[in-house]
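Encoded as structure tokens, the structure appears first; notes follow it.
Read the figures in this text as sums done on the coordinates, not as results from a lab. What you are looking at is a predicted structure, and each value in this text was computed from that prediction instead of being measured.
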Amino acid sequence: MTRLWDYKDLLYWQALELTGNDRDIADDLVQTTFLKVLQEMKKGKTLVKPKAYLIKIMKNIHSHTVKRNNQMIKIVRSLVEAYAYEVFDDDESHELIKEKKSYIIQKAIASLPEKLRIVIVMYYYDLKKQNIIARELNVSERIIK
């Protein structure tokens, strides 16, 4: 019988292809894939075609990560746009710019998926530390980072 770990090299090469040969990200992707599959097996999932299932899970994790990163890029661009305004000497212009920045930041945060939005609010507005957020949300601190 083939063990899951026997597919590690195959998954690693697939991960390198998915990540554009970034070894660190490929390592993380393979590790995350094995963890997810092992968690599902612990819950009673039976793998009929483990090789195909591992590859499918890894591609889904990669796709989700890319989407999340693209959302973060949009947010960063919005934040850069918010701070790109010049601050003028008069108080009226300064207030208008401040309102515009605030609106852009709120819009960017509102566009996030709920789970990510909760983390952003807890970290930047509630000023909670990452380990406390992880504990309260019952997730790994690594996920919060």
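Some notes on this structure:
- Among the listed pairs 8/45; 101/128; 74/128; 8/67; 36/56; 8/59, those beyond 18 Å (Cα-Cα): 8/45; 101/128; 74/128; 8/67
- Estimated [θ] at 222 nm from DSSP helical runs (n ≥ 4, -39500 (n - 2.57)) normalised by residues in the chain, nearest 500: -23500 deg cm²/dmol
- Couplings 3J(HN,Hα) for the range 50-56, derived from phi with the Karplus relation 6.51 cos²θ - 1.76 cosθ + 1.60 (θ = phi - 60°), are x, 4, 5, 5, 4, 5, 4 Hz, where x marks Gly and Pro.
- Linear extension gain, residue 138 paired with residue 125, 0.36 nm per residue minus alpha-carbon span: 2.7 nm
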